[in-house]
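Here the structure comes first, spelled out in structure tokens, and everything after it is commentary.
None of the figures in this text is laboratory data; all of them are computed from the coordinates on show. Computed from a predicted model, the values in this text were never measured in an experiment. Because the Cβ atoms are built from the backbone with ideal geometry, glycine has one as well, and the counts that use them run over all protein chains shown.
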Amino acid sequence: MEDYRNRPRKNTPHLVRVLNDDTGKTMGRVVDITADGMMLVTKELIEPGKIYNFRIVLPIMVHHRSDINIQAKAVYSNPDENSEFSRCGFKFIELPGEDGFILEDVMHKFTLVG
């Protein structure tokens, strides 16, 4: 599979949960992330090409916020080593200004910027 990333992703050692903002259901946890996209480990069925509205629960409070809202397009979904899970890549489509700033701030605080 070809890699179309513009920036190197950094693995996060922190538990960063991602919720489906439309249903409130937990979708999975972030494995790695950039300002352009992320990879999740999930038990949910993810359809490549589908657009999702996510809420990312931040590992720390930033600017009086504990989460951010992101619209992302599923790029791929592959089986994980643990057969109960899949590893799914997402490209961020809509990252509102303040939420984008907060994500960048969290990434810098945890040295997740490549």
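Applying the Karplus parametrisation 6.51 cos²θ - 1.76 cosθ + 1.60 with θ = phi - 60° to the phi angles of the stretch 41-50, what ³J(HN,Hα) value in whole Hz is obtained for each residue in order, glycine and proline being reported as x?
9, 8, 9, 6, 7, 10, 9, x, x, 7
Run down the lysines and flag those whose C-alpha is under 24 Å from the C-alpha of LYS109, throwing out any fewer than 8 positions away in its chain.
LYS10, LYS91
Could you give the dipole magnitude of the stretch 16-109 about its Cα centre, charging the beta-carbon of Lys and Arg +1 and that of Asp and Glu -1, in debye to the nearest 20?
Values: 11 positive and 15 negative charges, 28 e Å.
The calculation lands at about 140 debye.
Using a 7 Å offset from Cα along Cα-Cβ at GLU44, what residues in the stretch 86-100 end up with backbone N under 13 Å from the label point?
Correct set: 86, 88-90.
Sort 43-55, 81-93 for me by packing, meaning the mean count of neighbouring Cβ atoms within 10 Å per residue, highest on top. Can you show the working numbers first?
Values: 43-55: 14.3, 81-93: 16.3.
The peptides rank, most packed first, as 81-93, 43-55.
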